[in-house]
Amino acid sequence: MSRVALVTGGSRGIGRAIAMELAGRGAAVAVNYARNSDAADEVVQAIQSGGGRAMAIGTDVGDAEAVTAMFSAVEEELGRVEVLVNNAGITRDDLMLRMSLEAWDDVIATNLRSVFLCSKAALRGMLRSKWGRIISLSSVSGIAGNPGQANYAASKAGIIGFSRSLAKEVGSRGITVNVVAPGFIATDMTAELGTDAADAAVEQISLGRLGRPDEIASAVGYLASEEASYITGQTLVVDGGLAL
Ligand code: NDP
């Protein structure tokens, strides 16, 4: 795949695995991050030492002006973005009566507003290329709901409705829009929840273990590939059977 890809939140966890997967498939990869430039630089070096092309780009994906500048910088250094992976995401969990407006706004901005901003920015170039892949990370929480995650689940359910609508809008232009919804994957995000929460989750998972970031990345890699050219508007649940 000699394409240019942008992975938001590509510096750690699932995003890092997606950046490596797409680079392994031959894409030049822009690795976006919010604060942790060392981690993003490490991903770029790993890709470059394997013979690939990559760049790190620090941008808050909830910030409209910053997103416009990010797309210009990536186009200048690597070329027009043809594969966009909206992966950046945060949690600010709390029970509804205690949830602050700030926790609601932060999660919606980073998880959902970002998908609008980045997809819109990528779309112009994809329409010119008459080819594009937009893949966004939702969550089983966005499908089944989860106590303490009203903000997060709303953002992740929003991604599904957004993607179905956009898939219908741009399908005739060679652009597919899909969603991957992970279950419980071992990353920094879930490490925050502690071992008790992980043990409780494992009991609900048919495959009897947490997922690995590379198991999400391979699904994203497939949806980005030519082989997935007739799949659009879909949500692929990758959860080891958690939501069954
Ligand atoms: P991590 O917390 O491990 O990594 C988050 C990544 O997002 C980091 O690269 C971080 O950058 C980046 N990021 C956070 N905020 C912003 C921002 N405002 N602008 C740009 N980048 C930002 O998360 P995971 O790898 O666990 O999750 C990745 C995605 O998968 C998320 O959307 C998450 O909701 C989803 N998901 C995860 C599940 C899991 O079990 N882990 C389950 C279901 C869905 P920096 O390093 O600079 O902080």
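The values are calculated or read from the model by the stated rules, or taken from the named source; none is laboratory data. Quick caveat, the model's predicted, so the values are computed rather than measured. FYI the Cβ positions are ideal-geometry reconstructions off the backbone, even for glycines, and counts take in every protein chain you see. Note: areas computed on protein heavy atoms with side chains; ligands, DNA, RNA excluded. Shrake-Rupley method; radii C 1.70, N 1.55, O 1.52, S 1.80 Å.
Structure values in brief
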{"item": "Contacts under 6 angstrom Cβ, first residue in segment 115-143 being closer than 14 Å to SER163 by Cα, partner within 15 Å of the ligand (Cβ to nearest atom) and charged (D, E, K, R), 6 or more apart", "result": "SER138/LYS156; SER139/LYS156; GLY142/LYS156"}
{"item": "Meets criteria (open to solvent by 40 Å² or more (accessible area, probe 1.4 Å), more than 10 Å from the ligand (Cβ to nearest atom) and outside any helix (DSSP H, G or I)) for TYR230", "result": "yes"}
{"item": "Residue under evaluation ARG16, criteria (1) near the ligand (Cβ under 9 Å from one of its atoms); (2) free of Cβ contacts under 8 Å to residues at least 40 places away in the same chain, criterion not met", "result": "(2)"}
{"item": "Candidates SER129, SER136, SER141 - the one that is hydroxyl-bearing (Ser, Thr, Tyr) and touching an Asp or Glu at 6+ places or on another chain (Cβ under 7 Å)", "result": "SER129"}
{"item": "Candidates ARG53, ARG98, ARG35 - the one that is within 13 Å of the ligand (Cβ to nearest atom), open to solvent by 20 Å² or more (accessible area, probe 1.4 Å) and either at positive phi or of a type in the set (Lys, Arg) (or both)", "result": "ARG35"}
{"item": "Subset of segment 7-32 [in a helix (DSSP H, G or I), closer than 18 Å to ALA186 by Cβ and open to solvent by 10 Å² or more (accessible area, probe 1.4 Å)]", "result": "GLY13, ILE14, ARG16, ALA17, MET20, GLU21"}
{"item": "Qualifying residue in segment 58-65 (condition: open to solvent by 30 Å² or more (accessible area, probe 1.4 Å), within 9 Å of the ligand (Cβ to nearest atom) and not acidic (Asp, Glu))", "result": "yes"}
{"item": "Every residue from segment 197-212 that is within 15 Å of the ligand (Cβ to nearest atom) and either acidic (Asp, Glu) or surrounded by 20 or more Cβ atoms within 10 Å (Cβ to Cβ) (or both)", "result": "ASP199, GLY211"}
{"item": "Residue within segment 203-221 that is farther than 21 Å from GLY26 by Cα and in a helix (DSSP H, G or I) present", "result": "yes"}
{"item": "Complete set of residues in segment 162-196 that are open to solvent by 10 Å² or more (accessible area, probe 1.4 Å), under 27 Å from ARG128 (Cβ atoms) and either within 14 Å of the chain's Cα centre (by Cα) or within 16 Å of the ligand (Cβ to nearest atom) (or both)", "result": "PHE162"}
